[in-house]
Amino acid sequence: MNTLLVIWRAALRSSTNGLRQDRRARIGISLALAIQLGSGIWACLRLFAALTVWQVEGVLVSHLWLVCLAAWSIMAFFSVLATFQYALNSNEALLLTLQPIASSTRWRALYGLILLKGSGNWLCWEIGVLGLALAPVLGWSSLLWLALLGAGAALVVLLAQLITFLVLRFLLPHLRTMLGIAAGLLVLPYLLFLLVSGPNWNFLFGVERVLTVLTDWFAPGRSLVAFAPELALLSMVLILLVALLPMAGPLGQFYLATVQFSQGQSEKINTLALPGLPLLLTVLGRSRTMTAALLVKGLLNQSRHLFAWLRLLVFIVLLALFKVICAALSPLHLTSPLLVANYATFLLALILLEYAPYSISSEGQRLTLYLVMPRGLVSFLRGRLYTFLCLALLPGLSVALLLGLWTGLSALDLGKALLLVLLLLPGYTAFAVLGSALDEDLSLAIEDRLQALMQEEMPVTPRRLQLLALAIVLLGAELVLTWRVPFLLVMPLLALLDAVILLVMWRLSMSYLLRLQR
């Protein structure tokens with residue numbers, strides 16, 4: 001126990017020293033806390049009103065289970081990020097694996113770091129919001145649900161930690177084989193069904209069947225109510241005790257084996273070239289500009305990751321569900337041009353969200369190669385911005401054009417949709433790309449594929465999380481602006497907003513990178 005306290009105390013002191021010496025980190029933490037406070041007040045008021053209605057309707061227990069499931073899903077997301085950061089992708093993680101301590105102690109120390117440093121603030125936020133909203137409704141009985149929420153969050157952190165290691169150790173090295181087997185298992189039943197009854201697209205997607213099952217599962221008086229909170233709480237506590245006491249030794253050895261396996265993976269690059277990609281790379285290769293070079297680098301870098309093509313698959317699926325989502329948004333009374341423009345913007349922003357906020361900070365030491373060039377900093381920033389603007393605007397306008405033709409928009413309405421996309425995407429893209437420079441670290445060296453994947457694709461630092469949250473807020477504000485403000489007035493407002501974002505973020509990124517250069 002003394003060893004655990006020493007490790008946790010050292011981690012806490014490291015975090016406090018970092019905040020004490022880094023003024024921007026303190027500003028970022030203050031901004032994040034302010035956002036959490038504001039969102040907590042809003043969520044508490046909305047949740048209190050919903051709880052009151054649910055109690056009157058007699059569906060309070062089942063809907064409280066849904067609230068807990070939503071809270072646990074948020075914890076799972078942050079726990080996976082924290083697992084990569086504190087267990088696999090930092091000097092702190094490597095130092096922990098090299099310490100001459102027992103495997104059980106290492107596992108418990110890692111679990112405590114992920115729970116406290118990775119997702120502890122969100123756990124406190126969730127318990128505070130639910131407690132303030134639930135106490136006036138249930139009184140002392142709300143303590144049972146708060147204990148259930150806390151125990152479930154602790155269990156979710158443990159499961160997210162374990163599942164991440166299982167995926168990295170067994171699934172990721174054989175990802176193509178696993179995806180092929182999964183695709184075969186999904187396609188084979190449908191082919192057999194076609195032989196018997198002919199084509200049936202509803203069977204292919206199974207939307208009605210899935211919705212029926214979910215409705216039956218979440219309906220009041222059904223499955224969720226059958227799970228007593230007391231029994232669930234007891235089960236969660238027992239699982240945690242087993243994982244942290246008798247099973248801590250084997251789990252610690254498995255964690256150590258996963259780290260050693262990830263560090264020893266080969267650096268073989270697998271490039272998946274889509275049709276037309278080699279020709280595009282050949283055309284760009286003839287240009288000697290910074291923008292063309294960064295485009296070539298970005299296309300090659302993304303094509304070597306299978307996750308990039310999985311992202312493209314998600315994009316195609318969301319594009320195919322356009323009319324289904326439009327039907328769900330019908331209560332908002334959005335006009336057809338606004339619906340097409342906002343959906344195209346949302347799709348492109350969702351795709352860019354995974355790597356645009358890390359486009360500059362992922363360079364690490366490689367950025368010094370650009371800084372030593374004549375006017376290297378200016379040309380690099382301009383080239384990086386132009387690259388992402390091309391990747392945002394060309395597909396965005398194409399998607400808006402496709403959706404407009406699909407829904408039968410007139411030429412005037414289609415022009416309005418294209419103009420809105422042209423005004424919505426530049427501000428968001430400039431904010432995400434130029435804002436990523438504020439997390440650049442010239443001392444960062446990327447040494448293996450796992451670290452490269454983390455640095456280029458995921459929000460593994462507090463500043464990245466803050467930039468990601470602000471980018472989402474900016475995108476939501478722009479979409480709401482187009483919804484509430486008339487078209488003729490929203491165009492100059494969006495143009496002014498794009499200009500302000502570009503000027504402010506350009507100055508901030510330039511000044512920060514110049515300080516690094518000096």
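The values are calculated or read from the model by the stated rules, or taken from the named source; none is laboratory data. Keep in mind it's a predicted model, so treat the numbers as computed, not measured. Heads up, the Cβs are rebuilt from the backbone with ideal geometry, glycines too, and the neighbour counts pull from every protein chain shown. Keep in mind that these areas ignore ligands, DNA and RNA; they rest on the heavy atoms of the full protein, side chains included. Shrake-Rupley method; radii C 1.70, N 1.55, O 1.52, S 1.80 Å.
Here are some conditions: (1) within 27 Å of Asp498 (Cα to Cα); (2) surrounded by fewer than 21 Cβ atoms within 10 Å (Cβ to Cβ). Val340 meets all but one. Which one does it not meet?
With respect to (1) within 27 Å of Asp498 (Cα to Cα); (2) surrounded by fewer than 21 Cβ atoms within 10 Å (Cβ to Cβ), Val340 is out only on (2).
Of the residues Arg311, Arg375, which single one is modelled with pLDDT under 75 and farther than 24 Å from Ile472 by Cα?
On the way: Arg311 fails: farther than 24 Å from Ile472 by Cα.
Arg375 is the lone residue from the list that is modelled with pLDDT under 75 and farther than 24 Å from Ile472 by Cα.
Scanning segment 353-405 for residues that are more than 23 Å from Phe315 (Cα to Cα) and of a type in the set (Val, Ile, Thr), which turns out least open to solvent (accessible area, probe 1.4 Å)?
By that ranking, first place goes to Ile360.
Just to be sure, is Ser39 closer than 23 Å to Leu134 by Cα, open to solvent by less than 80 Å² (accessible area, probe 1.4 Å), at pLDDT below 85 and out of contact with any Cys (no Cβ under 6 Å at 6 or more places or on another chain)?
So Ser39 passes the test.
Give, as residue ranges, the helices (runs of 4 or more DSSP H) completely inside segment 133-241 that count at least 2 residues that are modelled with pLDDT under 65 and not basic (Lys, Arg).
175-197, 201-205, 207-218, 223-226
Answer with yes or no whether Val53 is open to solvent by 50 Å² or more (accessible area, probe 1.4 Å), β-branched (Val, Ile, Thr) and either under 19 Å from Thr258 (Cβ atoms) or in a helix (DSSP H, G or I) (or both).
Considered against the rule, which asks whether it is open to solvent by 50 Å² or more (accessible area, probe 1.4 Å), β-branched (Val, Ile, Thr) and either under 19 Å from Thr258 (Cβ atoms) or in a helix (DSSP H, G or I) (or both), Val53 comes out as yes.
When both residues are 6+ apart or on different chains and their Cβ atoms are under 7 Å apart, which pairs have a first residue that lies in segment 290-302 and is more than 15 Å from Leu352 (Cβ to Cβ) and among the charged types (D, E, K, R), and a second that is modelled with pLDDT of 75 or more and crowded, with 17+ Cβ neighbours inside 10 Å?
Once the first residue is more than 15 Å from Leu352 (Cβ to Cβ) and among the charged types (D, E, K, R) and sits in segment 290-302, no partner that is modelled with pLDDT of 75 or more and crowded, with 17+ Cβ neighbours inside 10 Å comes close enough.
Taking segment 474-489 as the search range and keeping residues that are part of a helix (DSSP H, G or I) and without any contact (Cβ under 8 Å) to a residue 40 or more places away in the chain, which one is nearest to the chain's Cα centre (by Cα)? Explain how you work it out, then say what you get.
Going through segment 474-489, the residues part of a helix (DSSP H, G or I) turn out to be 474-484, 487-489.
Add one more test, that the residue is without any contact (Cβ under 8 Å) to a residue 40 or more places away in the chain, and what stays is 476-477, 480-481, 484, 488-489.
Numbers: Gly476: 16, Ala477: 19, Val480: 22, Leu481: 24, Arg484: 28, Leu488: 34, Leu489: 33 Å.
Filtering first and then ranking leaves Gly476.
Do we have Arg46 as open to solvent by 30 Å² or more (accessible area, probe 1.4 Å), in contact with a helix residue (DSSP H, G or I) (Cβ under 8 Å, 6 or more places away or on another chain) and among the basic types (Lys, Arg) here?
no
Take Ile41 and decide whether it is without any contact (Cβ under 8 Å) to a residue 60 or more places away in the chain, over 29 Å from Leu159 (Cα atoms) and of a type in the set (Val, Ile, Thr).
yes
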